[in-house]
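Colleague: To start, I am sharing the structure in question, which I have written as structure tokens.
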Amino acid sequence: MTPDDFDRLQVLMATRAGVRLARDRMKLAEHRLGAVARREGYASVQDLLNNLWAKPVASLGWAVIEALLNTETWFRRDRGPFVSFEHELLPAIASARPGGKVKVWSAGCSNGQEAYSLAMAALDARNRGLDVDVEVTATDLSLAAVERARAGAYTGFEIQRGLSAATMLRWFEPHDDMWAARQELREAVRFNRGNLLDEPVEGPRFDVIFCRHVLRDMEPGRRALTLDMLERRLVDDGCLFVGFDERLDSDSVAFRPVNGRRGLYVKSPAFLSRAA
């Protein structure tokens, strides 16, 4: 891969996925595209890229984009947000909603661990007697990730990365050499492919949005547009969770951080008063 090829990949990722592809990821990009080249029948990464630039084909372009996305995640990542969601937010929001209906969106769900973590929290809360009916919607740009999330099958390493043995046995069952989500858990989440850059700002609104470890990789202009869409899709008294190392200060005046809750944001009162 030449530096010019990488420059063109950076443009492709920014325009189609909104993702910044840092220069120090050039070797990693070439390594990941090696698998795509072999799968698509190309002799080398260079041959794949030469064909992509000469004859842009949507399917090949998206295969390249998906290979370069950062899909790392694990169950109950950072734990704190999921504890707050289960024990603080769910009781408060459910009590204020007809029928205890709470709508949650995992935006950028990768292989499904975050969405299933939210569903486990909701089901556990209901099993403890909380009058709550949680609807979890999960979307991701990567079709391969969405398909894997729908299957709900994970390796032992993936399961144990975030879940205790008791939780693993409660919600998963062995299947061949994998652990498969039980039917009750799979039915609690609706997975769909979705590009945050293309999400309609006037779509369905949610009480809680988890968009964690997604915004930090986005190109600044696209990140601001995404935050505007998230603000419109979040109910006025809703909550937005982002990654612990993600700050919204310079990108959006619509949100303010919640003191003592890293990564948790609500809509700014000043913004709400201007929008009213």
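Colleague: Say we look at the range 133-157 and pick out the residues that are among the hydroxyl-bearing types (S, T, Y), buried (at least 19 other Cβ atoms within 10 Å of the Cβ) and modelled with pLDDT of 95 or more; which of these is nearest to R193 (Cα to Cα)?
Modeller: Restricting attention to the range 133-157, the residues satisfying the condition of being among the hydroxyl-bearing types (S, T, Y) are 137, 139, 142, 154-155.
So of that shortlist, the ones also buried (at least 19 other Cβ atoms within 10 Å of the Cβ) come out as 137, 139, 142, 154.
Filter once more, so that each one left must be modelled with pLDDT of 95 or more: 137, 139, 154.
Values: T137: 11, T139: 5, Y154: 20 Å.
That would be T139.
Colleague: Can you pull out the residues in the range 215-246 that are touching a residue at least 60 places away in the same chain (Cβ under 8 Å) and touching a Ser or Thr at 6+ places or on another chain (Cβ under 8 Å)?
Modeller: Result: M218, single match.
Colleague: Of the residues that make up the range 251-262, is at least one closer than 26 Å to L68 by Cα, surrounded by 14 or more Cβ atoms within 10 Å (Cβ to Cβ) and more than 15 Å from the chain's Cα centre (by Cα)?
Modeller: So the first thing to find is which residues in the range 251-262 are closer than 26 Å to L68 by Cα, and the list is 251.
Right, trim to surrounded by 14 or more Cβ atoms within 10 Å (Cβ to Cβ) and you get 251.
From the residues that got through so far, the ones that are more than 15 Å from the chain's Cα centre (by Cα) too are 251.
Yes, the range 251-262 contains at least one residue that is closer than 26 Å to L68 by Cα, surrounded by 14 or more Cβ atoms within 10 Å (Cβ to Cβ) and more than 15 Å from the chain's Cα centre (by Cα).
Colleague: Another question about this same structure. When you scan the range 43-66, how many residues do you find that are among the hydroxyl-bearing types (S, T, Y) and either surrounded by 15 or more Cβ atoms within 10 Å (Cβ to Cβ) or on the phi > 0 side of the Ramachandran plot (or both)?
Modeller: Let us first name the residues in the range 43-66 that are among the hydroxyl-bearing types (S, T, Y), namely 44, 59.
Pick out the ones that are also either surrounded by 15 or more Cβ atoms within 10 Å (Cβ to Cβ) or on the phi > 0 side of the Ramachandran plot (or both) and you get none.
Residues that pass the stated criteria total 0.
Colleague: Restricting to the range 158-185, and then to whatever is modelled with pLDDT of 95 or more and in contact with a Lys or Arg (Cβ under 8 Å, 6 or more places away or on another chain), can you tell me which residue is farthest from R77 (Cα to Cα)?
Modeller: Checked the range 158-185; the qualifying residue farthest from R77 (Cα to Cα) is E173.
Colleague: Also, quick follow-up: May I ask you to list pairs of residues, at least six apart or on different chains, whose Cβ atoms are under 9 Å apart, with the first in the range 254-276 being farther than 18 Å from I93 by Cβ and the second being assigned to a loop (DSSP other than H, G, I, E, B) and modelled with pLDDT under 80?
Modeller: P257/D249; S268/S252; F271/S252
Colleague: Among the candidates V189, V242, V235, which residue alone is aliphatic (A, V, I, L, M) and surrounded by fewer than 16 Cβ atoms within 10 Å (Cβ to Cβ)?
Modeller: Details: V189 fails: surrounded by fewer than 16 Cβ atoms within 10 Å (Cβ to Cβ); V242 fails: surrounded by fewer than 16 Cβ atoms within 10 Å (Cβ to Cβ).
Only one candidate passes the filter, namely V235.
Colleague: Of the residues A96, A107, A115, only one is more than 21 Å from the chain's Cα centre (by Cα), closer than 29 Å to G238 by Cα and assigned by TED's automatic domain parsing to the domain that holds E199; which? So that I can check it myself, show each step before the final result.
Modeller: Details: A107 fails: more than 21 Å from the chain's Cα centre (by Cα); A115 fails: more than 21 Å from the chain's Cα centre (by Cα).
Residue meeting the stated conditions: A96.
Colleague: Being among the small types (G, A, S) and assigned to a loop (DSSP other than H, G, I, E, B) is the filter; apply it to the range 2-42 and report the residue that is surrounded by the fewest Cβ atoms within 10 Å (Cβ to Cβ). If you could, list the steps in order and put the result at the bottom.
Modeller: At the first step, the residues of the range 2-42 found to be among the small types (G, A, S) are 14, 17-18, 22, 29, 34-35, 37, 41.
In the following step, the residues that additionally are assigned to a loop (DSSP other than H, G, I, E, B) were identified as 17-18, 22, 41.
Numbers: A17: 23, G18: 23, A22: 11, G41: 8.
Result: G41.
The values are calculated or read from the model by the stated rules, or taken from the named source; none is laboratory data. Because the structure is a prediction, the values reported are computed rather than measured. Methodologically, a virtual Cβ is constructed for each residue, glycine included, from the backbone with ideal geometry; neighbour enumeration extends over all protein chains shown.
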